[in-house]
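See below for the structure under consideration.
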Amino acid sequence: MNRRAVLKIALGGVVGLTLPPFARRAFSQASIAVVPVSDGFVMLTGAGGNVLVRTVSTGQMLVDTGAAGSTDAVLARLRDLPGAGHVTTVFNTHWHREQVGGNLAFGRSGAKIIAHEKTRAHLATDYYVMNEDRYEKALPKEARPTVTFFTGDQTLGDDKRIEYGHLLEAHTDGDIYVLFRDANVLAAGHAIAPVRDPALDWFGGGWLGGRVDAQEKLLKLTDAQTRIVPAYGPVVGRAELQAEFDMTRVLYDRMLDLLKKGMSPQDMLDAGVMKDLKRTFSDPFRFVYDAHKGYWAHHNSLGPEVL
Ligand SMILES: [Zn+2]
């Protein structure tokens with residue numbers, strides 16, 4: 001570790017420990033950035049997962065609510081935007097905690113919370129987190145989704161111009177997209193991952209085949225002008241979505257092929273399953289491991305030779 005890194009850590013400790021509460025609040029708010037997306041839409045970053053905000057003077061609508069520890073900072077940012085923090089409607093793209101941490105605050109103040117029924121079910125019970133060998137506690141009732149659906153595409157509003165629907169098993173078993181049709185803004189949750197490694201929560205129902213289908217569906221919903229907001233990373237366009245879909249499909253085909261040869265995740269890596277992709281993964285083994293688990297959970301849909 002060099003001197004600068006040591007200094008940075010020391011300073012971080014000092015800021016965290018000795019500032020009075022109001023200054024600490026200001027410090028944490030500073031970590032939330034307001035990123036323009038489109039007319040009437042911004043994205044808050046730095047709150048765990050991205051929070052998409054539709055800002056109109058009569059009130060705000062959110063897609064995802066960030067991590068619980070960021071809620072105060074998110075609320076402060078929302079108060080400074082058109083609509084002044086009056087949140088009428090919240091969508092949850094899935095049930096992971098970096099997407100639902102602010103639900104309690106918005107549910108308490110009367111916002112409608114819309115999600116897939118599996119998301120509601122996950123948030124209403126303690127559930128096991130396999131990778132960390134622990135249970136995640138159920139959220140209080142006010143933090144849970146109030147409007148849910150199981151299948152099909154849905155619409156919202158008198159003019160039906162907000163469309164949302166299930167992205168079957170793209171990342172978890174409760175993924176949804178939300179498309180603001182007039183503005184051509186699409187929230188895709190973690191069904192796309194333009195920068196960080198795509199995560200497949202195989203224990204929570206996500207798998208590579210689901211991701212292929214989900215990204216294909218997102219391509220059908222978009223055009224060259226669509227602004228696409230992922231769960232993590234920057235706003236992207238259809239070209240980036242297309243590039244990720246192409247990669248996902250290549251990976252799906254390669255892995256299926258290698259799975260039929262009886263390969264383990266390490267065998268697959270050794271056989272070059274991640275070679276010559278247009279991007280590099282920070283943890284290829286983790287991705288291949290999770291994808292491999294997901295195939296086994298779906299072996300009955302892969303054809304008779306995979307058993
Ligand atoms: Zn997630």
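Consider Val273 against the criteria (1) under 24 Å from Ala187 (Cβ atoms); (2) at pLDDT 95 or above: it satisfies all of them except one. Which criterion is unmet?
Status for Val273: all satisfied but (1).
Sort through His298, His190, His292 and tell me the only one that's touching a Pro at 6+ places or on another chain (Cβ under 8 Å) and closer than 15 Å to Ala170 by Cβ.
Matching residue, one of His298, His190, His292: His190.
Are there any strands (runs of 3 or more DSSP E) wholly within segment 136-231 with 3 or more residues that are in contact (Cβ under 8 Å) with a residue 12 or more places away in the chain and either within 23 Å of His292 (Cβ to Cβ) or not aliphatic (A, V, I, L, M) (or both), and if so which?
162-166
Looking only at segment 282-297, which residues are part of a helix (DSSP H, G or I) and surrounded by fewer than 14 Cβ atoms within 10 Å (Cβ to Cβ)?
The answer is Phe285, Trp296.
Among the residues of segment 209-226, is any open to solvent by 20 Å² or more (accessible area, probe 1.4 Å), at pLDDT 95 or above and under 30 Å from Ser109 (Cα atoms)?
no
Per-residue answers, yes or no, for (1) closer than 26 Å to Gly40 by Cα; (2) out of contact with any helix residue (DSSP H, G or I) (no Cβ under 8 Å at 6 or more places or on another chain):
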site	(1), (2)
Leu62	yes, no
Val87	yes, no
Glu98	yes, yes
Lys112	yes, yes
His116	yes, yes
Glu136	no, no
Val147	yes, yes
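Within segment 136-159, restricting attention to residues that are small (Gly, Ala, Ser) and surrounded by fewer than 17 Cβ atoms within 10 Å (Cβ to Cβ), which residue is farthest from the ligand (Cβ to nearest atom)?
Residue satisfying both the conditions and the ranking: Gly157.
So, Tyr177, is that one modelled with pLDDT of 95 or more, over 17 Å from His122 (Cα atoms), within 16 Å of the ligand (Cβ to nearest atom) and of a type in the set (Phe, Trp, Tyr) or not?
yes
On the given criteria, is Ala170 more than 16 Å from Lys118 (Cα to Cα) and either within 14 Å of the ligand (Cβ to nearest atom) or touching a His at 6+ places or on another chain (Cβ under 9 Å) (or both)?
Judged against the criteria, Ala170 is not a match.
Tell me, which residue of segment 55-82 that is in a loop (DSSP other than H, G, I, E, B) and open to solvent by 60 Å² or more (accessible area, probe 1.4 Å) is modelled with the lowest pLDDT?
Ser57
Just to check your reading of the model, which residue among Thr172, Thr155 is within 13 Å of the chain's Cα centre (by Cα) and of a type in the set (S, T, N, Q)?
Testing whether each residue is within 13 Å of the chain's Cα centre (by Cα) and of a type in the set (S, T, N, Q) leaves just Thr172.
Tell me whether segment 246-266 contains one or more residues that are under 18 Å from the mean Cα position of the chain (by Cα) and closer than 30 Å to Ile32 by Cβ.
No - not one qualifying residue is present in segment 246-266.
Quick check on segment 190-207: of everything there that is farther than 19 Å from Arg249 by Cβ and in contact with a strand residue (DSSP E or B) (Cβ under 7 Å, 6 or more places away or on another chain), which residue is farthest from the ligand (Cβ to nearest atom)?
Gly205
Picking from Ile176, Ile162, which residue would you name as being out of contact with any His (no Cβ under 7 Å at 6 or more places or on another chain) and either within 17 Å of Pro230 (Cβ to Cβ) or open to solvent by less than 50 Å² (accessible area, probe 1.4 Å) (or both)?
Ile162
Limited to segment 236-281, what total is found for residues that are within 19 Å of Lys220 (Cα to Cα), open to solvent by less than 40 Å² (accessible area, probe 1.4 Å) and in contact (Cβ under 8 Å) with a residue 40 or more places away in the chain?
The number of residues fulfilling the criteria is 4.
Just the residues that are open to solvent by less than 50 Å² (accessible area, probe 1.4 Å) and touching a Lys or Arg at 6+ places or on another chain (Cβ under 7 Å), please, taken from segment 119-135.
Once the filter is applied, which keeps residues that are open to solvent by less than 50 Å² (accessible area, probe 1.4 Å) and touching a Lys or Arg at 6+ places or on another chain (Cβ under 7 Å), segment 119-135 yields Leu123, Ala124.
For Met130, which of the numbered conditions (1) modelled with pLDDT under 95; (2) more than 16 Å from the ligand (Cβ to nearest atom) fails to hold?
Only one criterion is unmet by Met130, namely (2).
The values are calculated or read from the model by the stated rules, or taken from the named source; none is laboratory data. These numbers come from a predicted model, not from an experiment. We place every Cβ from the backbone using ideal geometry, glycine too, and count neighbours over all the protein chains shown. Each accessible area value is taken on the protein alone, full model and side chains, heavy atoms only, with ligands, DNA and RNA left out. Shrake-Rupley method; radii C 1.70, N 1.55, O 1.52, S 1.80 Å.
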